[in-house]
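S.K.: This is the structure I have questions about; it appears just below.
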Amino acid sequence: MRSLRALLVIRTAQLLASTLSLAAIAIYVLMRASLMSEFDAALLVEARSLSSHVEESDQKVSFEFEVSQLPDYARKDHPHYFQIWTDEGQVKARSQSLGHKNLMRPRELTDFPVYSVATLPNELAGRQIAFQFT
């Protein structure tokens, strides 16, 4: 038969372990949400910045920048990617880092950003943003 003291120590340890586990899970969920929100905000800023330098006239897409001005899209190690489609789904431009590969295009584009998890051309998991702009 267990003593009252041993039973009290065991129950207190169990309660403490479950409380700490729940606290750790809550911290993880909150930190993940916070980091994902910050990453999405940075992704939106980069995408909007890139879209502000794109101009379409007579079904031709032109850029107000040179690829050399965007080293993140040309580097070999962990490059950034972009791809621009027409409303009909025709590829008009893509980053040098994509080569001949394509990014996943959402079925329906809106003026509001659509975030999604995607497999990047380098086979790593990544996050992408898509939106329609004029």
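The values are calculated or read from the model by the stated rules, or taken from the named source; none is laboratory data. Predicted model only: the values in this text are computed from it and were never measured. All Cβ positions, glycine included, derive from the backbone under ideal geometry; neighbour counts span all protein chains shown. Ligands, DNA and RNA are stripped out before the accessible areas are found, and what is left, the full protein with its side chains, is counted by its heavy atoms. Shrake-Rupley method; radii C 1.70, N 1.55, O 1.52, S 1.80 Å.
S.K.: Could you list, in sequence order, all residues of region 47-68 that are of a type in the set (D, E, K, R), out of contact with any strand residue (DSSP E or B) (no Cβ under 9 Å at 6 or more places or on another chain) and closer than 22 Å to P113 by Cβ? First the steps, then the outcome.
M.R.: At the first step, the residues of region 47-68 found to be of a type in the set (D, E, K, R) are 48, 55-56, 58, 60, 64, 66.
Subset that is out of contact with any strand residue (DSSP E or B) (no Cβ under 9 Å at 6 or more places or on another chain): 48, 58, 66.
Once the filter is applied, which keeps residues that are of a type in the set (D, E, K, R), out of contact with any strand residue (DSSP E or B) (no Cβ under 9 Å at 6 or more places or on another chain) and closer than 22 Å to P113 by Cβ, region 47-68 yields only R48.
S.K.: Could you say whether any residue in region 19-38 is open to solvent by less than 80 Å² (accessible area, probe 1.4 Å), under 21 Å from T119 (Cα atoms), acidic (D, E) and not in a loop (DSSP other than H, G, I, E, B)? Outline the logic, then answer.
M.R.: Going through region 19-38, the residues open to solvent by less than 80 Å² (accessible area, probe 1.4 Å) turn out to be 19, 21, 23-24, 26, 33-34, 36-37.
Then keep just the ones that are under 21 Å from T119 (Cα atoms); that gives 33, 36-37.
This time we only want the ones that are acidic (D, E), so: none.
No, the conditions are met nowhere in region 19-38.
S.K.: Can you name the residue in region 91-107 that is farther than 18 Å from L44 by Cα and part of a loop (DSSP other than H, G, I, E, B) and is also least open to solvent (accessible area, probe 1.4 Å) among such residues? Don't jump to the end; show me each part of the working.
M.R.: Of region 91-107, the ones farther than 18 Å from L44 by Cα are 91-93, 96-102, 107.
Next, only the ones that are part of a loop (DSSP other than H, G, I, E, B) stay: 99-102, 107.
Numbers: G99: 39, H100: 178, K101: 102, N102: 94, R107: 237 Å².
Out of the qualifying residues, it is G99.
S.K.: Does region 69-90 contain any residue that is open to solvent by less than 40 Å² (accessible area, probe 1.4 Å), within 20 Å of F112 (Cβ to Cβ) and part of a strand (DSSP E or B)?
M.R.: Yes, region 69-90 contains a residue that is open to solvent by less than 40 Å² (accessible area, probe 1.4 Å), within 20 Å of F112 (Cβ to Cβ) and part of a strand (DSSP E or B).
S.K.: If we keep just the residues of region 42-68 that are open to solvent by 50 Å² or more (accessible area, probe 1.4 Å), hydrophobic (A, V, I, L, M, F, W, C) and without any contact (Cβ under 8 Å) to a residue 24 or more places away in the chain, which is nearest to D111 (Cα to Cα)?
M.R.: Ranking the qualifying residues of region 42-68, first place goes to V45.
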